[in-house]
Amino acid sequence: QPASSNKPRKKKKKRKPKKTSAGDTVEDNDLEDIDSLLERLEDPGGLSPQSQGGLIVDSRPLLYVEHRNLNPENELKRYFGARAVLGDQRPRQRQRQYVRSTWLTAPKNTWPRYSKTGIAMRLLDTRRGVQHFTFEHHREYQQVQFKFLDAVESMDPNNIVLLLQMNPYHVDSLLQLSDVCRMQEDQEMARDLIERALYSLECAFHPVFSLTSGTCRLDYRRPENRAFFLALFKHLMFLEKRGCPRTALEFCKLILSLDPENDPLCVLLLIDFLSLRAREYTFLTRLFQEWESHRNLSQLPNFAFSVPLAYFFLSQQEERPELERSQAREQSARLLQLALIMFPSVLMPLLDHCSVQPDARVASHPFFGLNAQISQSPALNQLTSLYVGRTHALWKDPAVMAWLEPHTHEVLRMVEARDPLVQEAEHKRKIRYQSAPRNIYRHVILSEMKEATAALPLEVTSQPVMGFDPLPPLDSIVSYTRPERTSHPSNESTLSLFFRSLLPNFNLQGDIRHDGDDEAGAGQDLNQGVNRLMAAMRDMLANIQFQEPPRDDNPEGDGDWD
């Protein structure tokens, strides 16, 4: 019996993974099972999507993040298959040295070897089941941060490159250099730098910090936390351009869960677009239903138009019951008419971007005409321009245009009948949208939508905007400050300024006395200043080297000048 029981064990070790019809191996299926088991264990209440009346009702928290949806390869596998996405990566991964496994990004062989950077995360407190964390910079990291600020002020990207060669995982340097690469059309390097920054920050996570629970908070007012917000935002923008809207939506939910009350990067202006791109219509409608009462999402143009569009797409899904489809049609019609009444300035630019010519009645009516765009405030103009520039491609569908047309005529009928809803919406537009909060300006700058960037006010465009910290909050919580540089006296002579430009450490006046009542001391200072000047001139003249002219081997010359 012992001999017979050992034989299957040996066979089990030598057994090769069986190939399935799709070309995947059994090992991949086992990994999928492990992922699903991990997701069940991570769910704090053991909640899972429940089936009620044939409909799947998700009882998990609204901003619950799934680990598998943070990996863009999983989304690309669904589109193109595992063989097309992975290719020949598997043999290389077996030979790769051990690296720490992370959820946000996968470390690459081309990256420098990771070592502790001096970033740590600390748990501040726990209130009402919500845990508040913050990143911290140790002393050595602070010194690197000061060098980085000097490199930024030099306006030379090469200084940031030199700093990264010595500190390859300095987060702010990676963010700033990524912007430089993106401006130089090197998208691959720009994306790689952002992923490296995310990897560096994830390696510093607190053991209790969870990406998926939706109950962990970071305060954007602390400068140490801003890099994580910005790296996540830039990463999701790259994912969306790469064609991974579902993964980008998951990162957007993660950013929103870190500070849902303040929303420092205003991802609420983006989450509707990603939901529509990823065809997560149920999530968008659920977000609107749960947050409308306390966040007034219908007062944002993007939610006012995207939510009825999501209901319209739900009504077109034939696999849903007829009752649910009819309810979605009614909701889409009602909400679309309210959106057109509240934001009439969206219609004409939207049709223009879609290359659709409106009929004569709509084009000539003053309610949707040029006056609607001119009369709106600059803050509202930014919101509408941002939505039209970002989302117009989703409205190009002929079925969507056919759905939009009759409701536009119905709104014109209500306007001509002087419906109270029209008067109320006009009153709201005049009172609200006087000025945009700072997080909206920050979102417009990061999104780089030319339609919205052109509408930024002068007080925003006139100040320098740094990629590693755009428009910092006015009520920042500063834990450490940059040491002040020695300020040079402003009453220096022209000769002194000239020598300082040649010799930065040269100081003609030396240490200035503040008592001012000792004439002998003042004379001594003058003599010391003259001595310093003479010494500086001697050093400068001693360091000047004259290059001898090249000697000609044939001094007599053998040819004329042509």
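The values are calculated or read from the model by the stated rules, or taken from the named source; none is laboratory data. These figures come from a predicted structure and were not determined experimentally. Backbone-built Cβ (ideal geometry, glycine too); neighbour counts: all protein chains shown. The area values use the complete protein model at the heavy-atom level, side chains included, leaving out ligands, DNA and RNA. Shrake-Rupley method; radii C 1.70, N 1.55, O 1.52, S 1.80 Å.
Annotations
- With the simple model of a label 7 Å out from the Cα in the direction of the Cβ, GLN327 to ALA454 spans 4.3 nm.
- Computed 3J(HN,Hα) for region 355-363, one whole-Hz value per residue from the Karplus formula 6.51 cos²θ - 1.76 cosθ + 1.60 where θ = phi - 60°, is 6, 10, 8, x, 6, 5, 5, 6, 5, glycine and proline marked x.
- Derived scalar couplings ³J(HN,Hα) [region 369-383; Karplus, 6.51 cos²θ - 1.76 cosθ + 1.60; whole Hz; x for Gly, Pro]: x, 5, 4, 5, 7, 6, 7, 7, 6, x, 5, 5, 5, 5, 5
- Region 282-290 - phi-based ³J(HN,Hα) in whole Hz, Karplus 6.51/-1.76/1.60, Gly and Pro as x: 5, 5, 5, 5, 5, 4, 5, 5, 7
- For LEU124, residues with placed amide H under 5 Å, excluding near neighbours: HIS132, PHE133, THR134
- Charge sum, other residues only, whose C-beta stays under 14 Å from ASP192's C-beta, Lys/Arg counted +1 and Asp/Glu -1: +2
- Distance violations [Cα-Cα > 19 Å] among LYS234/LYS450; LYS428/LYS450; LYS77/LYS241: LYS428/LYS450
- Accessible area of region 394-492 belonging to carbon and sulfur atoms, whole % at 1.4 Å probe: 55
- Projecting label points 7 angstrom from Cα along Cα→Cβ for ALA360 and TYR114 puts them 6.7 nm apart.
- Alpha-carbon centroid distance for the pair region 305-353 / region 376-424, whole angstrom: 11
- Each residue, ARG127 and ILE477, gets one label point 7 Å from its Cα in the Cβ direction; the gap between the two is 0.9 nm.
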